[in-house]
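For reference, the structure is listed below as structure tokens.
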Amino acid sequence: MDNRKKPIAILREEVASQIAAGEVIERPTSVVKELVENAIDAGAQIIAVSIEAAGRKSIEVSDDGSGIESDQIRLAVTRHATSKLSSADQLFSIRTLGFRGEALASIASVSQFVILSRSENETLGIKLTIEGGKEISCEKIGAPVGSSISVKNLFYSVPARLKFLKSETTEKQRISALMMRYGLAYPQIRFKLDFDGKTVFQTNGNGDRREILVQLYGLEIAKKMLEVRLQDGDYSVNGYISPIAITKSNRKDIIFFANGRWVQDAALSSAVLKAYQTMIMVGRFPITVLFLDIPTDQIDVNVHPTKAEVRFQQPDAIFSLVQRAVRRALLAYNPVPQLSSKLWGGYDSQNSSEETSWTSASNQVNGENPASFFSSPEGFPGTHESTQTTGTVFHSLPLLRLIGQIGATYIVAEGPDGLYLVDQHAAHERVLFEKLISQMSSKIPSQSLLNPEVITLPPNQAQILSGRLEILNKLGFIVQEFGNNSFQVRAIPALLLGLEPQAALWVVVEDFEDDETPLQQKTEEIIAARVCKRAAVKAGQILTRPEQEALLADLERCRSPRTCPHGRPTMVHLSVELLEKQFGRKGSL
Ligand code: ADP
Ligand code: MG
């Protein structure tokens, strides 16, 4: 290798553009993204995209936007030339999707590029042809107002990049996902996407987002999506989220837009997931499409050349808004539509966090519980010490009056708005789970066994258990290795008195649902949920009246009383109205 230093020289413009293009234009999808964003910025009402061979052969985007003046066309394809920004401080008042002035120059430097455009002030259009960054021709020509850009043989001038492209199927999926996102974000624009002459996606521009959701997720899911809308000071969020019964196996459908720009942000996603926590099964993910509105001076969009990452000035305020908005929508939702959310407490209050409210609610009810195995067992002082906070009292469930037990499985209760059937097993699971989790922040009280039990597991399972002993001990078990794949259980959580130690250990070594390795905290939750399932009263078990009452009272105090920790419903509600209809007292079915 020749190590002699070469003289320093400024790169030729074409070379510089080709290098810069690597950042902005990674793949065909990036071309589509940049061209569609330009069309949106130009105020287009109709945007048509047509793709051949997943974009390798040709990408065409045409719009009916403002067009480009003929004397500016060359500037449009010059690097760092933009009409959207003229000074750096304007970076914080950006309303357009583009602002870097890089896209057209980059695309033109790595393809055979033709732009045909006419502004409404001119009678003729202009057509500029560029190949590999070099101008081939520029001529006046008749054209409708708007622009149409054709990009052929992408990366022909930088063949090394071609090697990095994914399969056609992958690329097509990315392009259609991108177009669908724009469809959702701009429902008033008519989008059309063609692959090799066949239309695969089309919106009608009537502004109805739910119609677009139908195309994306099908009618069944789209009609069940819950609406989210919350404002807090200068920030607001709105959009759609799936109810807890609809989940996906990955987080691809957790989508955000900030000021009309699609953004990817792990912290925002985790805010959403937190809101769903314990309501959906671990390893499952919701569908959410959320639009954030944030004052432009509080969001930095110039973090990355592709502009998909942003920085918020007040990230915590935004994450908390998102979490509250999602949580509220989930709680306001309920399976019997005629039930009004008012009965479930004043979720409309803007300024108090739900968490604090529930703590205070639980304090209200505490103290008058019949002694039973459902609330604080003997020797366990922890239950009654939640910290009192002042503020409005909310109940996540209406106060229920016990009627009785049926089939030794369901508790029947009357609420202010009709009849409730509570699944005693699922409800008890939820109650135990929330108590256990809340005790985890301090130390979970243990109850020693009179006779410590030694349990032997198959070698595989024994190994798994060894790795999770710490979690078990954190949950209030006292378990030690006893040699030869055996373990000695000396104590179990006081809360779970009566639980068979053997069953508890098996639960810990069972396989997890998905092959995703959950985080430590998740693992603890999964195990806690499973242990609670084992410990909960079973269907078919007759409960005394005080036990039934205690179960209802405990459930009322839960933060997520409507589902068990695995996401199944704990109760079914028959509203007064429904009963009246059933009995032919009002209207007809
Ligand atoms: P940016 O979008 O960051 O300004 P681009 O390279 O994407 O940079 O575009 C350069 C300029 O060309 C834009 O600022 C805009 O004035 C003009 N332009 C590009 N595409 C269109 C279009 N479809 N309609 C009207 N003007 C366009
Ligand atoms: Mg642009």
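For this structure, a couple of remarks:
- Total lysine pairs whose alpha carbons fall under 30 Å of each other in segment 433-589 (8 or more apart, or interchain): 14
- Shape category assigned to segment 86-147 from the gyration tensor of Cα positions, a/c cut at 1.5: oblate
- For segment 264-338 and segment 26-77, distance of Cα centres in Å: 30 Å
- Taking the three principal axes of the alpha carbon atoms in segment 527-589, the coordinate ranges are 48, 27, 23 Å, sorted in descending order.
- Highest to lowest packing among 253-264, 87-98, 187-198, scored as the average C-beta count within 10 Å: 253-264, 187-198, 87-98
- Taking N as its residue count, the alpha carbon Rg of segment 284-334 over 2.2 N^0.38 Å: 1.39
- FRET E, pair Lys248, Gln314, Förster distance 30 Å, beta-carbon r, rounded to 0.05: 0.50
- All Cα pairs of segment 220-341, percent lying beyond 18 Å: 50 percent
- Most positive-pole-ward Cα, Leu35, Val572, Gly467, against dipole of the chain from beta carbon charges: Leu35
- Assuming charge only on the beta carbon of Lys and Arg (+1) and of Asp and Glu (-1), the dipole of segment 150-190 about its Cα centre is about 40 debye to the nearest 20.
- Given R0 = 60 Å, the distance between the Cβ atoms of Leu449 and Gln582 translates into a calculated FRET efficiency of 0.75.
- Placing +1 on the Cβ of every Lys and Arg and -1 on the Cβ of every Asp and Glu, with no other charges, gives the chain a dipole of roughly 780 debye about its Cα centre.
- Distance (nanometres) between label positions extended 7 Å along Cα→Cβ at Asp196 and Arg401: 6.9 nm
- Each peptide in 102-111, 574-583 gets a packing score, the mean of other Cβ atoms within 10 Å over its residues, and the list from highest to lowest is 102-111, 574-583.
- Computed Rg/Rh of segment 412-545, alpha carbon atoms with Kirkwood Rh: 1.02
- Calculated FRET value between Asn121 and Gln90, using beta carbons and R₀ = 22 Å, to 0.05: 0.35
- DSSP beta bridges in the chain [antiparallel fraction, %, rounded to 5]: 90 percent
- Secondary-structure-derived ellipticity at 222 nm for the chain, considering helices only, amounts to -10000 deg cm²/dmol, per-run term -39500 (n - 2.57) for DSSP H runs with n ≥ 4.
- Annotation: for a label point projected 7 angstrom from Cα along Cα→Cβ of Ile542, residues of segment 397-440 with backbone N closer than 17 Å are 404-412.
- Sequence-separation-based contact order of the chain, relative, with Cα cut under 8 Å and 6+ spacing, percent: 11 percent
- Rounded if a/c under 1.5, otherwise prolate or oblate - segment 146-191, Cα gyration tensor axes: oblate
- Sequence ranges 205-216, 273-284, ranked by mean other-Cβ count within 10 angstrom, highest first: 273-284, 205-216
- Shape category assigned to segment 1-152 from the gyration tensor of Cα positions, a/c cut at 1.5: prolate
- If you bin all the Cα-Cα distances of segment 56-115 at 10 Å, starting from zero, the percentages per bin are 19, 48, 29, 4.
- Calculated on the alpha-carbon coordinates, the convex hull of the chain measures out at 225 cubic angstrom per residue.
- Label-point separation in nm, Asn302 to Glu52, each point 7 Å along Cα→Cβ: 3.9 nm
- In segment 435-482, Rg over Rh equals 1.02, where Rg is the alpha-carbon radius of gyration and Rh the Kirkwood radius from pairwise Cα distances.
- Legend: residue pairs Lys127/Lys172; Lys166/Lys223; Lys57/Lys223; Lys6/Lys127; Lys172/Lys224, Cα-Cα distance threshold 31 Å; pairs beyond threshold, Lys166/Lys223; Lys57/Lys223; Lys6/Lys127.
- Backbone N atoms of segment 26-68 closer than 17 Å to the 7 Å Cα→Cβ label point of Gln264 belong to residues 26-34.
Where a number appears in this text, it was derived from the coordinates with a stated rule and is not lab data. Every value quoted in this text rests on a predicted model; they were computed, and no experiment measured them. Glycine gets a Cβ as well: all are built from the backbone with ideal geometry, and neighbour counts include every protein chain shown.
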